[in-house]
1. In segment A:250-296, which chymotrypsin sites (Phe, Trp or Tyr not before Pro) fall in coil by DSSP and have 14 or fewer other Cβ atoms within 10 Å?
2. For C:ASP625 and C:LEU46, what does the FRET efficiency come to when R0 = 56 Å and r is the distance between their Cβ atoms, rounded to the nearest 0.05?
3. Considering the zone a paramagnetic label at A:ASP263 would reach in this model (a point 7 Å from Cα along the Cα-to-Cβ line), which residues of segment C:674-714 have amide N under 14 Å from it?
4. Per residue of B:60-70, what is the mean number of Cβ atoms on other protein chains within 10 angstrom of that residue's Cβ?
5. Would you work out if segment B:90-157 is rounded, prolate or oblate? Take a ≥ b ≥ c from the square roots of the eigenvalues of the alpha-carbon gyration tensor; rounded if a/c is under 1.5, else prolate when a/b is larger than b/c, oblate otherwise.
6. Per-residue ellipticity at 222 nm for chain A, helices alone: DSSP H runs ≥ 4 residues times -39500 (n - 2.57), over residue total, nearest 500 deg cm²/dmol?
7. If packing is taken as the average number of other Cβ atoms within 10 Å across a peptide's residues, how do C:251-257, C:294-300, C:710-716, A:9-15 rank, most packed first?
8. Taking just the alpha-carbon atoms of segment A:1-103, what radius of gyration and Dmax come out, in angstrom?
Amino acid sequence: MYDIKALYEAESVPDAIRLRLEHPEAQIIAGGSDMLVQMREGKRAGKELISIYMLDDLRGVSLDEDDNIRIGSLTSFSHITRDPIIQQYCSALGEAVDQVGSPQIRNIGTIGGNTCNGVTSADSASTLHAWEAIVELTGKNGVRRLPIHDFYIKAGVVDIRAEEGEIQTAILIPKESYENCYGKYIKYGMRNAMEIASLGCSVNVRLSPDKKYIRRCRIAYGVAGPVPMRVPSAEAVVNGSPLTREMIDEFALAVLLDINPRDSWRSSKAFRQHIAVEMARRALTESIERAGGVIE
Amino acid sequence: MSQYKVVHCNINGRDVEKVVDVRASLTDMLRNDFRLTSVKKGCEVGECGACNVLIDGETFNSCIYLAIWAEGKRIRTLESLTGPNGELSDIQQAFLDETAIQCGFCTPGFIMTAVEILEAGKLYTDDELRKLLSGHLCRCTGYENILRAVKKTMYRRLGKEIDF
Amino acid sequence: MNKVGISETRVDGYDKATGRTKYYEDRIPSEALYVRIKHAERAHALVKSVDTAAAAAIPGVVKVLTCFDVPDLPFPTAGHPWSMDPGHQDVADRHLLNRHVRYWGDDIAVVIAENEVAAMQGVRALAVEYEDLPFVLDAQKAMEPGAPQIHESFPNNILKHTDYRKGDYQAAIREPGLVKVEGWYETPTVQHCHIENHGCFAYMENGRITVVSSTQIPHIVRRVVGQALGRPWAEIQIIKPYIGGGFGNKQDALYEPLCAWCCTQVGGRPVRIDCSREETFVSNRVRHAIRFHIVTWLRPDATIAARKIELWSNQGAYASHGHSIAAKAVNSFPQHYPCDNMEGDAWTVYTNRPAAGAMRGYGMPQASFADESNIDDCAAAMHMDPVEFRRLNIMPQGFHDNFSGNTNYYDSYRECMAKGAELIDYARKREEYGHDTGNLRRGIGVATFWYNTGVYPISLETSSNRMLLNLDGTVTMQCGETEIGQGADTAFAQMAAEALGLASYRDVHVVSCQDTDITPTGLGAYASRQTYVAGFSIRQTADQLKKKILNYAQELTLLSPDCMEIVDGVIVRKADGAALMTLKELAMTAQYNPVHSEHLSAESTYTIRSNAYSFGCTFAEVEVDIQMCKARVKRIVNVHDCGKLINPALAEAQVHGGMSMAIGFGLSEQLLFDEKTGRPLNNNLLDYKLSTFMDHPNLEAAFIENPEPTSPYGTKALGEPPACSGAPAIRNAILHATGVAVNQLPINPHRLFAAFTEAGLINNPRLEEV
């Protein structure tokens, strides 16, 4: 039995917005794999909740009129991984969320919850950054869209305006981010399942048509700072470069210019920095190979 | 100031209706209201897998699933596998035959995940099976015989020879 | 014919496969009140006051009790047999609730409520005023002058110093030409992580208190509850249903005394205490973290001239099993690698950490890690193959230990190592691996252990058994030894069927549930003794029952009992094997005979005055990803000589579980504490890195079955041994792969990062170099 003060169940998106406006103190609960755990731990005990879990309209993956991938916020990780659109156009995201916790967690956990809780270790977050995802929020004034980078404000805080009754309704992957793009997410954990990332690294690469050069590269990390982050210094090093080992090494070292991991009991800063470089090297290598490039 | 809600769902093939406390987890509902005590509590925060049940064919840790979310769902627990005359299903028998059971506390959760795996009708590799079963912790078996039990049953259902 | 030595399926398997097995929580009456414990949020402090007003005002809260309400009756908790010798009794340093907080998580108050939520809210509403005291987490620091004093009567926090002197170490090390191999080895605090948390419920009936508990040791818990409550032990009834694993944590009185006492405070109404996982990690028991310092002096011929062992065992806040773990650890060395000149010193030291108690292996996984790491270092120093070095120095056949009376009857060590080496293709891999220069490096390592089966002669070894002949010719059997998941009941059924001459082990109904009102007194599941000790009382009781059966048969057949035998449930004439009557026929006749009615039964107690060496080894093969600082176990093989196997499949399963625990101990598990506050950091199953399904290779188990001469069934220890040698084998394989010796467990990526950085295997890029 959870120590829930009151629970309001939303029956539709407008209903959820109404409930948010009526109960400004209440927390949104989607799949609950974070919220209920924190409630059990006592951190959120005695709080009011608005459950949006039953809103099936917010589930599923589709292509919108501009061929952007639209992922309903309540789509579970396992459904994202299994989705044909994701597998065809953005397999790195499917692979990334396939590394969340355990099979059961991937069945209950939602991409909306994973992003809205604002934690840097979210397995989806670095890939969403490397694919420049767009977050769709719906509130009393309608729909608001913003880049994922702007959605994260600081650790645990995202740009959702409770006072406008907003809830997150979708995440969009722009066509420009996935077309002719290949990528790889690497999760570093202390064990191979039931694990929070010590560091997550996602690379998204587009090669030149002759597959000799990097046309565009994006790299993003989780747990390399208080919020998930892009690493522009490393990206700048390789955009337009030929596919060589030296380029990859230079790219990997350059991540240190931007990342800012901290010392904690989970991992030291020095350890995270070392691993970050190695992960960048491996993620870029794998991405290039997936794109059909040959590294010299 | 308790808050209650009527939940309609299908549990182990039977349509049921129950008034539940909105604060209840699905574990609470299954254990306390339906006495389905195969649903075990090992952590109550979704880390051990002992409370795992199938909801609409997918595995869920019922400890972090609100009872009210069961509305309209089809829920299966280990109790559903045993036949009317106490017959064991193939996967239960395999757990017995392969010595995949020790203290028995993780067993119900594991078997329900195995059911989902087997119902997929696919031939998985060992690595795939390990990943599919990785939502359950066990301290007794080292997982070794559990892997054997699931793998052998998977091969048998697919009518294939097992290669060990 | 034979009922032992066969892989029968578990007697409790059907119920467990169907989910019908009832554990303590499945038996709690719905009206039971919830007890929630307020745990201290200080590592060391005095409780000045507890303001209970807000908690008491919460609807549903029935009662709030604090450390100021409990009786001043110190009690011990260790699951040891009671000793009539006051000098050999366990340290009684516990109270039901504590005014003197000795670790972060200590119990200071309880809230009893009608429902779970009210109890939780009540605990959160308690306002505790502390007087903070300085705290110490490290055993050696706790011994330093001026360290915080944790228990008044133990100066320098030393619970016990255990030592031995053999030969003359100081003189021996002056022998010319010796090579010195010295090392510090350290093992972490880890936890049992049985999947069922400990819990219990209590109620009063006819003025007596019944506690139904998830415990390994019902009869011992009865005594401890009696001591804690100041009641005659016979007023306490403990019932042990099926339990979801124990591994030693439940070989202690945990919350049974508090639960029983809470019950008395609410007029005998049923009350329940259910530990959360977080409480299980911190407020039950943990494995002792031990730091070892070993100096080994080697002669040019690679024999050991002298050895010095020092160890500091981190006891945590309360004595629990105390020094017995450190004593077992330090005393393992002279027998493992006997040498003429040895010094051993073990200090068991109180610190402000959770109390350490029994855990699978009882000091031996720690000792084995230190010993076998040092021995591999010795082999390296002598440029010898590690298996060869061990063959040269390990306990020889015929070795006899005067204290335990144990004899190494066979050449088990060498047989186990030979078998393991063959299974894993050791010789070839040892040659081939160890030369990799790239990022992925392969290695193979070995480690060995020995283990005592029971606790004789340190403590009492007693086993009682009761057998009743049923009217259908089957036998109902009650043992004091407990089923905790390992398969004990199945082994007992097989042994009884064998001894009685029944047709099948299924004809023995083992009453799995121990009830101290009914069950013959036994000491429960601990050490690795159950199959061994129960074997004596099962054989003895079966002989008595058989005698009664044949005596009764004499009345019916007029044959001398000596001329009859029971074969597969049928009484036969020995001379020609002719079937005389079935046991069912005899039982029915005996029960309903109007002239001489008799319910045939037998009950006996056996005092076991022997012990037995169990041996084995682990071979592990690893692949190390240098840059990622990760070691992966690719293959692992355990070989055990635990005597004759009663049930090979169950034995193999036991080995798997121990190997898994050893892999976790070696690579990932540790309970961490904040140095600044003493607060536990990772007391949950997400942050505590128990191995998952994806963290193992296949686990391979093999056996050498040398029959143990002291056992009626030729059997000896297997429960704990599989957990002993895995971690050092992995450590030694990593050493082989990389040339880097990591002497602190777990060998996780953080440790490898530091070790590889120091060894120059990785260069840690600095920002300024970019």
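Bear in mind these aren't lab numbers, they're just calculated from the coordinates by the rules spelled out. Because the structure is a prediction, the values reported are computed rather than measured. For neighbour counting, all protein chains shown are included, and Cβ atoms are generated from backbone atoms with ideal geometry for every residue, glycine included.
1. Passing sites in segment A:250-296 are A:TRP265.
2. 0.65
3. Output list for this probe position: C:675-676.
4. For this peptide, the per-residue mean of nearby foreign Cβ atoms is 6.
5. The shape class here is prolate.
6. Rounded to the nearest 500, the figure is -9500 deg cm²/dmol.
7. C:251-257, C:710-716, C:294-300, A:9-15
8. Both quantities, over Cα of segment A:1-103: 15.9, 46 Å.
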